[in-house]
Amino acid sequence: MEISLRLTSKKEKYSGLELAIINRTDESRGVQVGGVNYAKESRGVQVGGINIAGESRGVQVGVINGADEPSYGVQAGGINVAEKSSYGVQVGLYNNAKESRGVQTGLYNETKESSYGVQAGVINYAGKLRGVQLAHFLNICGEDSKGMQLGAINWRSGVPWYSRLIPIVAIRRGAKKGSIERKTE
């Protein structure tokens, strides 16, 4: 186990505790504490102002947390982004994932493609819902969604007008084939 105390730290592999203003490691198997923490692969804890990991299999706690590849752990902070998938928990003001298979809780939660878990916040958006959305104000999901929306306003796009907006409780069963006619040219 190593302990590093520096202004900037740059290593290929690191196992231990890194304390620096800027930590840069290709493979981190320990704890990074600093203003900016970067690891191509993090299997530990990142605590700082900005935490970036190519792939995170641990915990990120900071103002901004980001993972380019899947995040398999916890992201807790102001802004949490999992560029591909989040298989864990995102807790913050703004949570964003291409696909979420866990929990997002915050002011605004966004899953661009599919949400297979729980979104709890003021506003929740899922391109395709396969779970539960709990909102203080607004839940939004796409046409081919299955799950439950609990919130003041529950909206589903791409469906007939009479089933788009449902207040309080909305049970989504997916899109029925042929329910919407589309012209192809």
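The values are calculated or read from the model by the stated rules, or taken from the named source; none is laboratory data. Please read these numbers as outputs of a predicted model, since none were measured by experiment. Ideal geometry is used to build each Cβ from the backbone, glycine not excepted, and the neighbour counts take in all protein chains shown.
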Residues located in segment 47-62, provided they are modelled with pLDDT under 95 and of a type in the set (S, T, N, Q): Ser56
Hey, Tyr162 in a strand (DSSP E or B) and either hydroxyl-bearing (Ser, Thr, Tyr) or in contact with a helix residue (DSSP H, G or I) (Cβ under 8 Å, 6 or more places away or on another chain) (or both) or not: no
The listed residue being modelled with pLDDT of 95 or more and buried (at least 16 other Cβ atoms within 10 Å of the Cβ), out of Asn80, Asn23, Asn37: Asn80
